[in-house]
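Take a look at the structure below.
The values are calculated or read from the model by the stated rules, or taken from the named source; none is laboratory data. Note that the coordinates shown come from a computational prediction; the quantities given were computed from them, not determined experimentally. Because the Cβ atoms are built from the backbone with ideal geometry, glycine has one as well, and the counts that use them run over all protein chains shown. All accessible areas refer to the heavy atoms of the entire protein, side chains included, with ligands and DNA or RNA removed. Shrake-Rupley method; radii C 1.70, N 1.55, O 1.52, S 1.80 Å.
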Amino acid sequence: MKQFPFADVYSRVFGQLPQPNENGDVHVLCIFHDDNNPSLVLNLRDGRYHCFGCKRKCNAPQLIAEVYAVSRQTAKRWIDE
C-alpha cells in the first residue's frame, strides 16, 4: 500500500478527528461497541487501530471493509486510488 493520508480515511468513518499525539495516535469512540470514553486508538502514520474496550484491532482496509460491507480487496483498491 502506498503512503496514504489515513486521517482522510478515518475521518470519513469517525468524523472530525482530534489532533494526533507525537506518535500519530488519536483516541476516538469505538464504533464497534457502546463506548462512553474514547477507547479506540487510530494510528494516522501506519493506519492501524486498536480498541482497548472490545479488543478489536486491524488496519485501515479492514476497517473500511467492515464499515462499508465490501471485500478487503475492494477496500485496498479504494485506498490505493
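If I go through the stretch 6-22 residue by residue, how many of them are closer than 17 Å to Lys76 by Cα and free of Cβ contacts under 8 Å to residues at least 24 places away in the same chain?
First pass over the stretch 6-22, keeping only residues closer than 17 Å to Lys76 by Cα: 6-13.
Filter once more, keeping what is free of Cβ contacts under 8 Å to residues at least 24 places away in the same chain: 8, 11-12.
The number of residues fulfilling the criteria is 3.
Just the residues that are touching a Gly at 6+ places or on another chain (Cβ under 7 Å) and open to solvent by 10 Å² or more (accessible area, probe 1.4 Å), please, taken from the stretch 40-68.
We begin by selecting, within the stretch 40-68, every residue touching a Gly at 6+ places or on another chain (Cβ under 7 Å); these are 43-45, 59-60.
Hits for the stretch 40-68 are Asn43, Leu44, Arg45, Asn59.
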* Out of the residues in the stretch 25-81 that are touching a Cys at 6+ places or on another chain (Cβ under 9 Å), outside any helix (DSSP H, G or I) and charged (D, E, K, R), state the one that is farthest from Ala7 (Cα to Cα). => Asp35
* Six or more apart or on different chains, Cβ under 7 Å: which pairs go from a residue in the stretch 23-36 that's touching a residue at least 12 places away in the same chain (Cβ under 8 Å) to one that's open to solvent by 80 Å² or more (accessible area, probe 1.4 Å)? Could you list them? => Gly24/Arg45; Asp35/Leu29
* Please work out if Phe14 is among the hydrophobic types (A, V, I, L, M, F, W, C) and open to solvent by 80 Å² or more (accessible area, probe 1.4 Å). => no
